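A short write-up of the structure that comes next.
The values are calculated or read from the model by the stated rules, or taken from the named source; none is laboratory data. All of these numbers come straight from a predicted model, not from anything done at the bench. Using ideal geometry, Cβ is built from the backbone for each residue, glycine included, and neighbour counts are taken over all protein chains shown. Note: areas computed on protein heavy atoms with side chains; ligands, DNA, RNA excluded. Shrake-Rupley method; radii C 1.70, N 1.55, O 1.52, S 1.80 Å.
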Amino acid sequence: MVNTTIAAAIKKHTQEMIAFRRDLHSHPELPFEEVRTTKRIAEELAKIGIEYRLTEPTGIIAEIKGGKPGKTVALRADIDALPVLELNNTLEYKSKNEGKMHACGHDAHTAMLLTAAKALYEIRAELKGNIRLIFQPAEEIAQGAREMIKQGAIENVDNVFGMHIWSTTPSGKVSCNVGGSFASADLLVVKFKGRGGHGSMPEATVDASVVASSFVMNLQAIISRETSSLDSAVVTIGKMDVGTRFNVIAENAVLDGTVRCFDIATRTRLESAIRRYAQHTAEMYGATAEVDYIYGTLPVINEERSALLAQAVITQAFGEKTLMAEKPTPGGEDFSFYMENIPGCFALLGSGNAEKDTQWAHHHGCFNIDEDVMATGAELYAQYAWSYLQQAEF
């Protein structure tokens, strides 16, 4: 299953990969603004000889055409950065764009996929099918995958694979579980309207702050009493905008929150319950309620055969001790949209190493990666694609 030529090619290009990642890290760009990043990827693909096309407004779709007929497998890397101030002041490749940072590892994903592409291009004559390379913008705002799909990223694709650097997993360990990996990530806005008035005369008012507070306190019963203990779910109100002055009873309250779960049926039940709780709470106090439930990402559910193939590749390429079963995360990933209609899987590549100070949480200003794991990531991309195309039963 494992191709030894791929392993040798990855080793040969490792230092170039690290240098490319550092270049991207020094020049982070926000979602749909990745102009320089797209240009750098295009330059590298042209050097290799891989055909590509630019997507709008940023991003690239490329294709390695195999020498033998077969299916098409897609490999995806996200390319955008975050509006985070980098605190790694001693890094020689620290961000040069103030207030912008690769604080989630997308720079590494991009460099690893490019390196995998170099290895796969060397053996293109042996490939039983084609390999689609997706360099996707705007993952951090959960819009890039859908935009790439609109522009043909997975047309005629039979399987899709992606991965994410993961700082809470020990360096060198890799996880690709069957089933739930990332949660759906939805946005929630609840608006309550009461009747304002003077703080000394509450009897003449409907206090929106009381309505909102009651709703927040009661909301968690949706999880504790209406959701099965076997189904993981989270409902969080992260922001409340209520009132205008110390002696004015609030007429309006606006609450912002998020909803996370690993199952579409659970997601539907949660939305329905939230709307019911908001409406009934408002009615109880004589107020009105308006709920905006905004769908974000779908849950990332690894298809069984794809995940088992990835596990086999991991153990054969890097040894049985490399494979681990990481717990699903309630974080969101728009990779889920690629798997809405085609099978695939998503792996987590451990990068947590306290000795190298790479154990910081994603999106933190001190986030960094253990660059020693990048060779594993690049090879996993390439070996998965190779192995998938070799499997007649798929």
Based on this model, can you work out whether Thr268 counts as without any contact (Cβ under 8 Å) to a residue 12 or more places away in the chain and either charged (D, E, K, R) or over 18 Å from Met284 (Cα atoms) (or both)? yes
For Arg21, which of the numbered conditions (1) open to solvent by less than 60 Å² (accessible area, probe 1.4 Å); (2) in a helix (DSSP H, G or I); (3) farther than 18 Å from Gly162 by Cα fails to hold? (3)
Of residues in the range 113-131 being of a type in the set (A, V, I, L, M, F, W, C) and in contact with an Asp or Glu (Cβ under 9 Å, 6 or more places away or on another chain), the one nearest to Pro69 (Cα to Cα): Ile131
Output for the range 149-169, where each listed residue is at pLDDT 95 or above, under 17 Å from Glu326 (Cβ atoms) and touching a Gly at 6+ places or on another chain (Cβ under 7 Å): Phe161, Met163, His164, Ile165, Trp166, Ser167, Thr169
Return only the number of the condition from (1) crowded, with 20+ Cβ neighbours inside 10 Å; (2) out of contact with any Asp or Glu (no Cβ under 9 Å at 6 or more places or on another chain); (3) of a type in the set (D, E, K, R) that Asp78 does not satisfy. (2)
Check the range 357-378 and report whether any residue there is part of a helix (DSSP H, G or I) and more than 30 Å from Lys12 (Cβ to Cβ). no
Within the range 202-227, how many residues are free of Cβ contacts under 8 Å to residues at least 12 places away in the same chain and either open to solvent by 70 Å² or more (accessible area, probe 1.4 Å) or within 28 Å of the chain's Cα centre (by Cα) (or both)? 4
Restricting to the range 89-99, give me the number of residues that are surrounded by fewer than 21 Cβ atoms within 10 Å (Cβ to Cβ) and under 25 Å from Ala378 (Cα atoms). 4
Flag for Ala312 being in contact (Cβ under 8 Å) with a residue 24 or more places away in the chain, open to solvent by 50 Å² or more (accessible area, probe 1.4 Å) and small (Gly, Ala, Ser): no
Please identify the pairs in which a residue from the range 171-191 that is acidic (Asp, Glu) has its Cβ atom under 8 Å from the Cβ atom of a residue that is modelled with pLDDT of 95 or more and open to solvent by less than 10 Å² (accessible area, probe 1.4 Å), counting only partners at least 6 apart or on another chain. Asp186/Val259
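Quick check on the range 285-293. Is at least one of its residues touching a Leu at 6+ places or on another chain (Cβ under 9 Å), free of Cβ contacts under 8 Å to residues at least 24 places away in the same chain and not small (Gly, Ala, Ser)?
Taking every residue of the range 285-293 in turn, none turns out to be touching a Leu at 6+ places or on another chain (Cβ under 9 Å), free of Cβ contacts under 8 Å to residues at least 24 places away in the same chain and not small (Gly, Ala, Ser).
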Would you confirm whether any residue within the range 109-119 is assigned to a strand (DSSP E or B) and either farther than 30 Å from Asp231 by Cα or of a type in the set (A, V, I, L, M) (or both)? no
So which of Arg36, Arg53 is among the basic types (Lys, Arg) and surrounded by 15 or more Cβ atoms within 10 Å (Cβ to Cβ)? Arg36
So, first residue in contact (Cβ under 8 Å) with a residue 12 or more places away in the chain and among the polar types (S, T, N, Q) in the range 37-61, second residue in a strand (DSSP E or B) and surrounded by fewer than 16 Cβ atoms within 10 Å (Cβ to Cβ), Cβ within less than 7 Å, six or more apart or across chains; the pairs are Thr38/Leu54
The correct count of residues that are surrounded by 16 or more Cβ atoms within 10 Å (Cβ to Cβ) and part of a helix (DSSP H, G or I) in the range 316-336 is 6
Residues that are at pLDDT 95 or above and more than 29 Å from the chain's Cα centre (by Cα): does the range 252-262 have at least one? yes
